[in-house]
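Each reported figure results from applying straightforward, stated rules to the coordinates on display, with no laboratory input. Source: prediction; values computed, not measured. Counting neighbours? That spans all protein chains shown, and the Cβs are built from the backbone with ideal geometry, glycine included.
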Amino acid sequence: MRARSARAVRAALLLGTGAVALFPFYWMLRTAFAPADEVYFSGISLFPTRIGVDNFVRAWVDADLGRAMVNGAVVTLAILVCQLLTCVPAAYAFAKLRFRGRDRLYIVVLAALLVPVQATALPTYLGMSALDLVDTRVSLVLPFVTSAFGIFLIRQYMVTIPDAVLEAARSDGLGHAQRLLRVVAPMSMPAILAFAVFSVFAHWNDYLWPLLVARSPELRTPPLALAVFSDAELGVDFGAVTAGAAIVTLPIVALFIVAQRRFVAGIAGGEVVG
């Protein structure tokens, strides 16, 4: 009876926590599907009186979300590719190679984790402006070609790979590049995919940096495109904003559902998922 009661309490706590966490997403969808005159109402109404897609049509057309999502996908994918090309070899070097100053350099990487991105936004913008790269796709990608967090996360996973595995690969005549590509990277795939999910989440939803450098409408990313529904005089069109947010969130939710097993394994630092 005690065990059954404990399971019931745990289940109730999990259900309650899940309901609290998911309620904002439900309210976003409720507002998106509701007519405009039901955005503001008195009392409590968990369900709209009418369900329509007018908000979704306005969000897609007025914010030009189709082009914005293509821009966001191109920028996010370019950043991810650059980060993987830099973070994975760096993590391998810090985890498995012995060279002078390695620990000091790794301390610098850890120190970079303490610097908020907002603190470097202005100096980075001035650098982009000096190079005449503002209002280009290059300016949306260049500041994020590497990631201290990515190096840290992947390195922590690579440290758990037994050195005997690398010694066996070296005995087979594999150099460092081949060991990384054929042995270490495949075994570290949970951490790499976990970082990839983090990177996509962060840069798909980034608002501050595109706001600074993407001045042309054709360069707008999804969060920046949704800003057209916010007006200083008229206020915020919550119906269109929530509908647009639902559209923009859908690819990220799908990505997490597909990659959740490896994402959890990479964060937990457990054994490699097959």
- Task: Two decimals is fine: what's Rg over Rh for segment 34-128, C-alpha atoms, Kirkwood radius as Rh?
- Result: 1.25
- Subtracting the Cα-Cα distance of residue 27 and residue 125 from 0.36 nm times their residue separation yields 31.6 nm
- Residue-count net charge about residue 243 - beta-carbon cut-off 10 Å; Lys, Arg +1, Asp, Glu -1: -1
- For the Cα atoms of the chain, what angle does the longest principal axis make with the long axis of helix 102-112, in degrees from 0 to 90, nearest 10? 10 degrees
- Item | In degrees, nearest ten, helix 148-158 long axis to first principal axis of the chain (Cα) | 50 degrees
- Message: As a test of the formula, what do you get for the chain when each DSSP H run with n ≥ 4 contributes -39,500 (n - 2.57) and the sum is divided by the residue count, at 222 nm and rounded to the nearest 500 deg cm²/dmol?
- Response: -22000 deg cm²/dmol
- Message: With only alpha-carbon pairs counted, each pair once and no self-pairs, how large is the Kirkwood hydrodynamic radius of segment 53-196 in angstroms?
- Response: 17.8 Å
- State the answer as a single residue: which of 141, 88, 211 lies farthest towards the positive end of the charge dipole of the chain, with beta carbon charges of +1 for Lys and Arg and -1 for Asp and Glu, about the Cα centre. 88
- Message: Let me spell out the model: positive unit charges on the Cβ of Lys and Arg, negative unit charges on the Cβ of Asp and Glu, origin at the Cα centre of the chain. What dipole size does that give, in debye rounded to 20?
- Response: 1440 debye
- Query: Rounded, prolate or oblate: which fits the chain, taking a ≥ b ≥ c as square roots of the Cα gyration tensor eigenvalues, rounded meaning a/c under 1.5, else prolate when a/b beats b/c?
  - Reply: oblate
- Can you list residues whose amide H is under 5 Å from residue 236's amide H, if they're 5+ apart or on another chain and H is modeled 1.01 Å from N? 231
- Which net charge results when you count Lys and Arg as +1 and Asp and Glu as -1 among the other residues whose beta-carbon is under 13 Å from that of residue 102? +4
- Query: For segment 172-260, what is the Kirkwood hydrodynamic radius in Å, using each pair of distinct C-alpha atoms?
  - Reply: 16.1 Å
- Message: Just to confirm the number: angle between the C-alpha axis of helix 2-33 and the first principal axis of the chain, 0 to 90 degrees, nearest 10?
- Response: 60 degrees
